[in-house]
Every structure is written in C-alpha cells, then in structure tokens.
Amino acid sequence: MKKQLTRLVLVSLSIFAFACNQSDPAPKGDYVRGVFVINEGNFSQNNGAISFFSREMTNAADDLFKTVNGADFQGGAQGYTVIGDEGFILVDNDKGSDRLEIVNSNTFEKIATIVSPEIENPREIVGSSNKAYISCWGTNADYSYQTGYIAVVDVSTNKVIKKINIGAGPENLVYHNGKLLVGTYSFGGGNTLTIINTATDEIEKTVTLNGVPSPIGVDANGKLWVAASNQAVRMNAETYAVEAVLPIGSDGSKSAENFVFSSDRKNIFFVLSYYNSAGLKAGETYKFDVGATQINLATPLIKRAFTGLAVDPLQSLIYAGVTPNYGQAGYAVRYRTDGSVVDSIKVGVAPTGFFFK
C-alpha cells in the first residue's frame, strides 16, 4: 500500500512538473538575456542600429535588425523598449519616413511597422502592461516644436489608438504608478511637466517649473526627481509639489543631461557637458545622493562626458556611450559605481541609450 501511494505521489508530481513546463516554456532566441545598445547613428546617413551583447561578453553583435531581417531600418535609432515578448524600435528618418518597428524581442524577427503620419519625429518610448507611449515632435516643419504629441499604441493590435497633444516638443518620459510624466525639449521653450493618467489617456495635470523639465524617476524614498535646465528638482510623487531645488553649477555654457538612478535608487548620476571646437561632447560625469541638499561639482565621478548613460539593474554597473565622431563606430564603456573602468565594447555609430534584459 505504501509503495502504491509513493508511486501515486511521484506520478502526480511528474504530471504537475510537466504541466508547469508546458504552460511556462522558456523563451527561445539569441537575444533572451543581455544588453541592447541604441546607436542613434549619423542623422544625414540614416545609419542607426541596435547592437547586442551578453553581460559576460566583450564583443557586440551589430545591427540586429539587418542581421535577422536582411535589411536595415534606414533611419536613426531613437529608442528601444520591450513590452511582453515584443521589442519596439523608434526610427527617425531624415527624409520624413519615420516609423515604429516592432520585432520579436527574443529573435528580433520583424512583426509589424507603424509609419508616418502616425509616428512623426519620435523621441522616446516607455511601456505599461498593454500600451506603449511614444513622445513625438510631430511634423515640426518650421522647427517651432509646437506640433508635438504622445502616440498611444495598443500592443495587442500594434496600432496607434490615440494622440495626446502636447506642444513645446515632448521629450523624456517616465511611467510611474499609472501616470505618464512628460518633459519637453529645450529648443521648444516649454517649462511644463505634463502628467497623463494612463487609465484614461487624458492629461490630468500640468506643473510649471523654473526651467525645461525632464523627468528622471522616483527614488528609493518615493520622491520624484525632475531635471529642469541646470537644476535637479525633488517633488512629491503624488501631489507634484516642489520640495527642493538643487542648482547644478553656475556655468551657463554647460548642460546637465543623461540623468539616471543607481540600481538602488539612492544616487543619481548625470553628465555635465559642452561641445568643443570639433563639435563633439566634452565634460565630466557626476553623482549625488538623493538625500543631498546641494550638488558638489568639485570632484567628478568620471572625468569624461558621454552621449548615453544607464545603470544595469542586475549588475549595478554604469554603461556609458562614447561617440568618437559621427563617422565611425562608438563604444559602450562599463564602469563600477566608484567610477573605475571595467572594460569597453565596440558598438555602432553614436550610442545614446541602453536597454537591459
């Protein structure tokens, strides 16, 4: 009797394990885990690309889209994110052929394309569980940056279901607790942070700041941080009341940009940069504690400026994009959080962003 019960238990466990394996199969593909590099490329040459490497490697696979699909997407890569099993690539083309390329995130096989005029001059993309939000400058034919909108994409149908009008060049996006926070582009001249309720996809509130707003995100203490020109602004994440304003130096020729949290969200890294006589970015990279009352620029974390900055949530390493010039390949340089270098990996032209999977 004991043997029969043992057999029954073992059979039941085997069936349960088989059922679990059948219902939750591991994803298949060459790009299931690793680092995706968004290479913006040279705008006039439309040679943007997405590179990829695993965290253990020091060599990158370049231009995944072309490798898998046989042709590149002929534009600059502005952004990339993953929602479910789909990857979303923002493509900005200098001839006006802007679009959103949708791929299988594990294999990079093309699934669908959304083209202009649905997607025009795309800038940044974030996702919720069932929708993607894309900041777009619109046609912007006269460079007034007043034709912008947020394109809302239903990821179940891969179609734009709504455009939310936002002037002054909508740029950086942060999704938090059912709200989409929208910043603006500096040349657009706007100083309004827009809060969109993603349940209704309607503008819920706008907050005027003393500078051009660029949302950074919510820190370990539940506080919202927004960059506003050369200031870091701490706000209440529910009421959006300003709690503190931290100036970032007094040199108007330098711009604070590429703000990103450490993996524990207790520190913020950023680049303070300017353009040198060769037209290339120069400057330094700094960090400050989210509990700080002022930002010290006396000692840079890294004596170098970057075209992109991100922190890997798994390994806590800083990933920095280096663009020697806009006619050759760039590099992804990995740093420890104390500013010491780990290694560098050759990628595409003008690396400006990273996505970790």
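The values are calculated or read from the model by the stated rules, or taken from the named source; none is laboratory data. Model, not experiment: these values are computed from the prediction. Here the Cβ is made from the backbone with ideal geometry for all residues, glycine too, and neighbour counts use every protein chain on show. Accessible surface is based on the protein model in full, side chains and every heavy atom, while ligands, DNA and RNA are left aside. Shrake-Rupley method; radii C 1.70, N 1.55, O 1.52, S 1.80 Å.
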To one decimal place, what Kirkwood hydrodynamic radius in Å is obtained for segment 242-350 from all pairs of distinct Cα atoms? 14.6 Å
If one takes the longest principal axis of the Cα atoms in the chain, at what angle in degrees, from 0 to 90 and to the nearest 10, does the Cα axis of helix 2-23 lie? 40 degrees
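Roll a 1.4 Å probe over the protein chains and send me the accessible area per residue for the chain in Å². Before the final figure, lay out the partial values.
Working: 16640 Å² over 357 residues.
In whole numbers, the chain has 47 Å² accessible per residue.
Expressed as a rounded percentage, what relative contact order does the chain have, with Cα pairs under 8 Å and six or more residues apart?
Values: 929 pairs, mean separation 42.1, N = 357.
It rounds to 12 percent for the chain.
Quantify, in whole percent, the carbon and sulfur part of the accessible surface of the chain (1.4 Å probe; protein heavy atoms only).
Values: 8220 of 16640 Å².
Solvent-exposed carbon and sulfur of the chain make up 49 percent of the total.
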Solvent exposure, largest accessible area first (probe 1.4 Å, DNA, RNA and ligands not counted), of GLU56, GLU120, GLU109: GLU56, GLU109, GLU120
Highest-MSF residue in the chain out of ILE318, ILE295, ILE119 [GNM, Cα springs under 10 Å]: ILE295
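How high is the relative contact order of segment 234-347? Use alpha-carbon pairs under 8 Å, at least six apart in sequence, and give a whole percent.
Values: 223 pairs, mean separation 18.7, N = 114.
Averaging sequence separation for qualifying contacts and normalising by length gives 16 percent for segment 234-347.
List the chymotrypsin sites (Phe, Trp or Tyr not before Pro) within segment 126-232 that fall in a DSSP loop (any state other than H, G, I, E or B) and whose Cβ has at most 15 other Cβ atoms within 10 Å. Provide the component values of the computation, followed by the final result.
Values: sites: TYR133, TRP137, TYR143, TYR145, TYR149, TYR175, TYR185, PHE187, TRP225; in loops: TRP137, TYR143, TYR145, TYR185.
In loop regions of segment 126-232 (DSSP not H, G, I, E or B), the sparsely surrounded chymotrypsin sites (Phe, Trp or Tyr not before Pro) are TYR143.
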